1. Just the residues that are out of contact with any strand residue (DSSP E or B) (no Cβ under 6 Å at 6 or more places or on another chain), among the polar types (S, T, N, Q) and under 18 Å from CYS219 (Cα atoms), please, taken from region 1-47.
2. What pairs can you find where one residue is in region 67-80 and under 22 Å from GLN110 (Cβ atoms), the other is among the basic types (Lys, Arg), and their Cβ atoms are less than 6 Å apart, with a gap of 6+ or different chains?
3. State the number of residues belonging to region 111-137 that are touching an Asp or Glu at 6+ places or on another chain (Cβ under 9 Å) and either in a loop (DSSP other than H, G, I, E, B) or acidic (Asp, Glu) (or both).
4. Identify the residue in region 228-238 that is of a type outside the set (Asp, Glu) and in contact with a strand residue (DSSP E or B) (Cβ under 9 Å, 6 or more places away or on another chain) and, among all such residues, is farthest from GLN170 (Cα to Cα).
5. If I filter region 94-110 down to residues being free of Cβ contacts under 8 Å to residues at least 24 places away in the same chain and assigned to a loop (DSSP other than H, G, I, E, B), which single residue comes out as nearest to ALA160 (Cα to Cα)?
6. Could you list all residues from region 23-40 that are surrounded by fewer than 20 Cβ atoms within 10 Å (Cβ to Cβ), of a type outside the set (S, T, N, Q) and in contact (Cβ under 8 Å) with a residue 12 or more places away in the chain?
7. Quick check: anything in region 175-193 in a helix (DSSP H, G or I) and at negative phi?
Amino acid sequence: MSVKTVLVTGAAHRLGACIATLFAQSGWQVLCHYDQSQAAAQALAEGLRAQGHAAHALYGRLADEAGCQALMVQVRARTDQLHALVNNASTFWPDTGLDFQAGAAAHQLQVNLIAPLLLASQMARDLVPPGQEGCAIHILDQKVYNLNPDYFSYTVSKLALERAVALQAQSLAPRLRVCGVAPGLMYLSGPQTRDNFERAASANLMRRPTDPQDVARSCLFLATTASITGTVISVDNGQHLVPLPRDIMFVVDDLLKGIQP
């Protein structure tokens, strides 16, 4: 049986590295995409190869169409069939509807929305042979089911990507299954302190942080379960069922300020 190949975008660090590692350990050839984290992506690929797995680091600039196309050219140089694509890479800048800036928003929309859609489309067209099928998985955010106005442009981009899961599933079938995974809080974010994270990560039904391994396992499950398409799995300990007026980081910040002596 031939080895299956997966492309994981933003694979150099954190969740992307976790997903890439799990797929490699499950017998997949892993193409570890990076943009600005060349050393980390190459170290990850080299470490996986040292363990006997097939892994390669590929550069790609997702902030423009040419960069996305160039990335897929590199993928085609490694394999004639891509079995799975995990669109994990994203950019996350703080803004609100009041200080919204078109340039910053356009960049987030390109990386978080347009690039995933473009890569999935190119995969279906060029890297899934006739009679075969692949799976594209878009990494979302529990915020798409638990709206608040913080991180305005980021949230808009993820909302659009969540809606696109069903649309792409309809459009790219039967060559490509398209699914989504919406994680909860897993890592420190931006200026967040450790104290803030520990409190915020427990503001869910299960009172614990989301385990990145659970998110990675969900991606592998979707990639290997042929009957699932057009579906989003929430992997967030029920965080999306705990509505808050602001992003959890800011809510916790206000609480911590309130208990200062």
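1. Hits for region 1-47 are THR21, GLN25, SER26.
2. Pairs that qualify, where the first residue is under 22 Å from GLN110 (Cβ atoms) and the partner is among the basic types (Lys, Arg), are GLY67/ARG61.
3. Matching residues across region 111-137 total 2.
4. VAL235
5. GLN101
6. The answer is GLY27, ASP35, ALA40.
7. Checking region 175-193: not a single residue is in a helix (DSSP H, G or I) and at negative phi.
Conditions (1) without any contact (Cβ under 8 Å) to a residue 60 or more places away in the chain; (2) touching a Ser or Thr at 6+ places or on another chain (Cβ under 7 Å); (3) of a type in the set (Ser, Thr, Tyr), marked per residue:
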{"residue": "GLN132", "(1), (2), (3)": "yes, no, no"}
{"residue": "ASP141", "(1), (2), (3)": "yes, no, no"}
{"residue": "TYR151", "(1), (2), (3)": "no, no, yes"}
{"residue": "ARG163", "(1), (2), (3)": "yes, no, no"}
{"residue": "ALA166", "(1), (2), (3)": "no, no, no"}
{"residue": "GLN170", "(1), (2), (3)": "no, no, no"}
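The values are calculated or read from the model by the stated rules, or taken from the named source; none is laboratory data. In this text the structure is predicted, and so the values were computed from the model without any measurement. Methodologically, a virtual Cβ is constructed for each residue, glycine included, from the backbone with ideal geometry; neighbour enumeration extends over all protein chains shown.
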